[in-house]
1. Tally time: how many residues in the range 232-289 are more than 16 Å from L47 (Cβ to Cβ), in a loop (DSSP other than H, G, I, E, B) and open to solvent by less than 30 Å² (accessible area, probe 1.4 Å)?
2. Using the structure shown, decide if S109 is open to solvent by 20 Å² or more (accessible area, probe 1.4 Å) and among the small types (G, A, S).
3. Name the residues in the range 6-46 that are among the polar types (S, T, N, Q) and more than 16 Å from the ligand (Cβ to nearest atom), would you?
4. Checking the condition open to solvent by 50 Å² or more (accessible area, probe 1.4 Å), of a type in the set (A, V, I, L, M, F, W, C) and not assigned by TED's automatic domain parsing to the domain that holds Q373, which residue from L55, L24, L60, L77 passes?
5. Assigned to a helix (DSSP H, G or I) and either surrounded by fewer than 17 Cβ atoms within 10 Å (Cβ to Cβ) or touching a Phe, Trp or Tyr at 6+ places or on another chain (Cβ under 9 Å) (or both): does that describe S320?
6. (1) more than 16 Å from the ligand (Cβ to nearest atom); (2) of a type outside the set (K, R); (3) within 21 Å of the chain's Cα centre (by Cα): which one isn't true of T233, the others all being true?
7. Of the conditions (1) within 15 Å of the ligand (Cβ to nearest atom); (2) part of a loop (DSSP other than H, G, I, E, B); (3) free of Cβ contacts under 8 Å to residues at least 24 places away in the same chain, R129 satisfies every one except a single condition; which number is it?
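The values are calculated or read from the model by the stated rules, or taken from the named source; none is laboratory data. Everything quoted here is computed from the prediction, not taken from an experiment. Cβ: placed from backbone, ideal geometry, glycine included. Neighbour counts: every protein chain shown. The accessibility values were calculated without ligands, DNA or RNA, using every heavy atom of the protein model including side chains. Shrake-Rupley method; radii C 1.70, N 1.55, O 1.52, S 1.80 Å.
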Amino acid sequence: MARLPKKLQQKLEERRADNTLRELPSETSLVDFSSNDYLGFSQNMALSHLALQILSDKELARNGATGSRLLTGNNILFDEVEELISTYHNAENALIFNSGYDANIGFFSSVPQRNDIVFFDEFIHASIRDGLKLGNARAFKFKHNNLEDLSSCIAQQKHQLDGGDNQAYLVTEAVFSMDGDTSDLHKLMEICESNDILLILDEAHAVGVFGKGGKGRISDLHLEDRVFARMITFGKALGCHGAAILGTNALKNYLVNFARSLIYTTALPPHSLASILAAYKLLSSDLGSQQIIKLRENIDYFKELLTGMRLSTYFIKSDSAIHCCILGGSTLVKQTALALSHQGMDVKPILYPTVPKGKERLRFCLHSFNSKQEIQEVLKTLKAIITKSPSLARGN
Ligand SMILES: Cc1ncc(COP(=O)(O)O)c(C=O)c1O
């Protein structure tokens, strides 16, 4: 086979020298403090059986979609799932994409137009940044969750919008994926409305975790009629795969016509759609509510222990299922994750360039199925490692 070009080999060598080389991990049987399967739905056998039942009832036992949604891939399950999720999340309509990455790429490359402006939080997900790069609008970042910086950013750019049809958008996350903290949606909405800016929210890590029935933060705060678009994913708390944009009928129509990541790809297979349908049935059932309650109890317990064990100063404040312990330095974070794995705990190190240099961290994901004992164990082990490490002890 032909060799990797020298420049590419060099880039890999640089990562190796930096201790930031990424490698595909193998499956482990460690205690899960790392997956996005917050409610344990990915392992739920009832959900899996229900999905198969749906496929057989609808005589849709096909292995693949056979084409793009605009050609042969748009089977009846798409309508059913889109109707169900738009009702569940109280949106006018929904459009399913193959993944959250595809949804964000498709949306941000096609919706904001030349001479439009997009304000985005500096910690926004890579899929949104990539979508913006593919589009023609000018994008301006504001400091993470910093409303003052946002306001001054808006003040500086607003003159560019005066007159004409140019539109401003603001995009942020309901729960930040690599930080676990949340955005102030009421205040952001006020700022947006007083400046004629349309708000777009990525709810990837909020669905299943926040709001009654896990409907997400926009539903929790009753802001459904005021937000322009929401992106929800099914690969995290819902335990399956795919994503959707929630918005008006007109927005859906626009995306069907212009979002290239929807148009030029094979649609999700029927099995994925049946799984999403089954996952929503589970989420809206008593069993789903019980899992959400267990998850929330585990989040509260984790935070209680952080305070009791004097570990809070290492962690970013969070009410979500994601809790990040900033250690700084790839080597240290990797070593700590390895030490935790030796004690049977799977906690992932998050390295530069996913997070800023010096802010490398351990990302603890909590689940409904984690036991109190597992939570105690993982934090006790972390505390012992921190206490023994001279560079980490902060007089706690
Ligand atoms: C905030 C956020 N948006 C979008 C995505 C992409 O979603 P998916 O995994 O469905 O492609 C992710 C997943 O990593 C995410 O964390």
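1. Summing the residues that are more than 16 Å from L47 (Cβ to Cβ), in a loop (DSSP other than H, G, I, E, B) and open to solvent by less than 30 Å² (accessible area, probe 1.4 Å) in the range 232-289 gives 3.
2. Details: open to solvent by 20 Å² or more (accessible area, probe 1.4 Å): yes; among the small types (G, A, S): yes.
In short, yes.
3. Hits for the range 6-46 are Q9, Q10, N19, T20, S26, T28, S29, Q43, N44.
4. Testing whether each residue is open to solvent by 50 Å² or more (accessible area, probe 1.4 Å), of a type in the set (A, V, I, L, M, F, W, C) and not assigned by TED's automatic domain parsing to the domain that holds Q373 leaves just L24.
5. Criteria not met by S320.
6. It fails just one condition, (1).
7. R129 satisfies all of (1) within 15 Å of the ligand (Cβ to nearest atom); (2) part of a loop (DSSP other than H, G, I, E, B); (3) free of Cβ contacts under 8 Å to residues at least 24 places away in the same chain except (2).
Listed here are the residues, each with its yes/no results for (1) at negative phi; (2) within 20 Å of the chain's Cα centre (by Cα); (3) in the same structural domain as G239 (by TED's automatic domain parsing).
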{"residue": "G164", "(1), (2), (3)": "no, no, yes"}
{"residue": "F176", "(1), (2), (3)": "yes, yes, yes"}
{"residue": "S194", "(1), (2), (3)": "yes, no, yes"}
{"residue": "I200", "(1), (2), (3)": "yes, yes, yes"}
{"residue": "A206", "(1), (2), (3)": "yes, yes, yes"}
{"residue": "K212", "(1), (2), (3)": "yes, yes, yes"}
{"residue": "D220", "(1), (2), (3)": "yes, yes, yes"}
